Amino acid sequence: MSDYYYTCEFLKALLLTIASELPVAYFILYRHFKIKGMTVRPGRIVAAVFICNLTTLPYLWFVYPGIIDYTSSVLCGELTAFLVEAFIYWITTGASIYASLLASLAANATSMLIGLILMPPFE
C-alpha cells in the first residue's frame, strides 16, 4: 500500500471518527451538565472532540502499527484513545471524571464499530 493511499485512508478515518464520535460525546457531556444544573458552551464540547481525535487517531494509524502487531495495535490503541480522550474531556470541559469516561467509552465504541463496518481492515 502506498504512503499516499494510506494517508488518504487515514484522512477518511479521521473524518468518519469525528462524525461518529461528536454526536455521542456531545449528547453525554451536554446531558451531564444539564442534569448537574451547570452550563457549558456547546463549542467547548465540539472543540474537545476535535482535540481528542486529532491527538489520538494518528497514534492508532502511524505509531502503534510500526511497533507492534495488528491485534495488539488495535487493543493498545483503543485503550490509549479511551483513557487519553477521557482525560481531555475532563480537562477541557470540566465534566466529572465519570461523565468523561462514559463519553469517551461510548464515543470510541461507536466510532470503532462504524469504522469496522464502513472501512473493514480485511478486504
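Readers should treat all values here as calculations from the given coordinates under stated rules, not as data from a laboratory. The structure displayed is predicted, hence computed values, not measured ones. Glycine gets a Cβ as well: all are built from the backbone with ideal geometry, and neighbour counts include every protein chain shown.
Numerical summary
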read-out: Within-15-Å neighbourhood charge of Leu15 [Cβ basis; K, R +1; D, E -1]; value: -1
read-out: Debye equation applied to the C-alpha atoms of the range 2-45, log10 I(q)/I(0) at 0.24, 0.30 Å⁻¹; value: -0.79, -0.97
read-out: Rg(Cα) / (2.2 N^0.38 Å) computed for the chain, rounded to two decimals; value: 1.09
read-out: D (Stokes-Einstein, µm²/s), Kirkwood Cα radius, the range 76-123, 1.306 mPa s at 10 °C; value: 141 µm²/s
read-out: Ellipticity estimate at 222 nm from DSSP helix runs (n ≥ 4, -39,500 (n - 2.57)) divided over the chain, nearest 500; value: -28000 deg cm²/dmol
